[in-house]
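Derivation of every value follows stated rules applied to the coordinates shown; laboratory data play no part. Only a predicted model underlies this, so the values are computations on that prediction, with no experimental measurement involved. No Cβ is skipped: glycine too gets one built from the backbone with ideal geometry, and neighbour counts run over all protein chains shown.
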Amino acid sequence: MSAVRGTLVSVDGLDASQIVAAARAKIAGVPRARRGGVSVWDASGVFDDLVVAGADAGIPSARTLLLLYAADLAFRLRWEIRPLLAEGRIVAAAPYVATAIAFGRAAGLPAGWMKDLFRFAPRPAEACYVDTASARSGFVEFGCGRLADRGNGSTRQLMDRTRSHLQTAARSRSGR
């Protein structure tokens with residue numbers, strides 16, 4: 001008997017509420033027996049902890065934010081995503097790696113460093129991009145706000161650059 005394997009779908013973009021809504025819509029069309037669910041950003045609570053720490057924790061750099069995102073993603077993979085995939089279910093990661101990499105590129109981090117950082121993350125079977133003009137919630141809004149506090153440009157400029165990098169990645173995946 002061969003093992004049943006699930007399907008990982010990534011849903012990336014700027015605004016967490018719209019990303020999660022798109023991920024839920026993807027999963028809703030799946031037969032109930034295969035429906036695994038949606039794994040969302042900050043499942044580990046590491047970013048909530050950073051908010052609670054306040055000014056005493058200092059203002060994190062883009063590299064620190066991506067390291068924390070990678071730690072949160074490792075948590076999501078270990079406790080939410082991989083167990084459901086092992087059961088043969090379909091799981092949507094909202095957001096996944098493309099969002100974090102676009103944010104890192106917008107902040108000027110080296111592409112090779114980010115590729116190495118997220119090497120542990122399995123490649124999704126399907127990748128979706130939710131194109132929104134702004135981020136009102138989620139990792140991108142959180143990260144851009146922190147970088148703006150460090151003097152790395154305005155929140156709007158960082159979000160616009162992140163959106164541009166996500167659009168480029170989505171076009172390259174679709175072959176356009």
In Hz, Karplus ³J(HN,Hα) per residue of the range 86-95 (6.51, -1.76, 1.60; θ = phi - 60°; x = Gly, Pro): 5, 7, x, 8, 9, 10, 9, 9, 9, x
Among 168, 157, 31 the positive-end extreme of the charge dipole of the chain (Cβ point charges): 31
Identified option (computed log10 I(q)/I(0) by the Debye sum over Cα atoms at q = 0.11, 0.14 Å⁻¹; candidates (1) -0.45, -0.72; (2) -0.53, -0.83; (3) -0.67, -0.96): (1)
Contact order normalised by residue count of the range 97-176, Cα under 8 Å, 6+ apart, percent: 44
Local net charge near residue 46, Cβ-Cβ under 13 Å (Lys/Arg +1, Asp/Glu -1): -3
Charge dipole of the range 83-141 about the Cα centre (unit charges at C-beta), most positive-ward option of 83, 104, 135: 104
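Highest mean first, how do 138-144, 52-58, 30-36, 121-127 rank when packing is the count of other Cβ atoms within 10 Å averaged over residues? Walk me through the numbers on the way to the answer.
Details: 138-144: 25.3, 52-58: 8.7, 30-36: 13.0, 121-127: 15.0.
Taking the mean over residues of other Cβ atoms within 10 Å, the ranking is 138-144, 121-127, 30-36, 52-58.
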Label-point separation, residue 53 to residue 171 (7 Å along Cα→Cβ), nm: 3.8
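Determine the dipole magnitude for the chain: charges of +1 sit on the beta-carbon of Lys and Arg, -1 on that of Asp and Glu, nothing else is charged, the reference point is the Cα centre, and the result goes in debye to the nearest 20. Show your work: numbers first, answer last.
Working: 24 positive and 15 negative charges, 158 e Å.
The dipole magnitude comes to about 760 debye.
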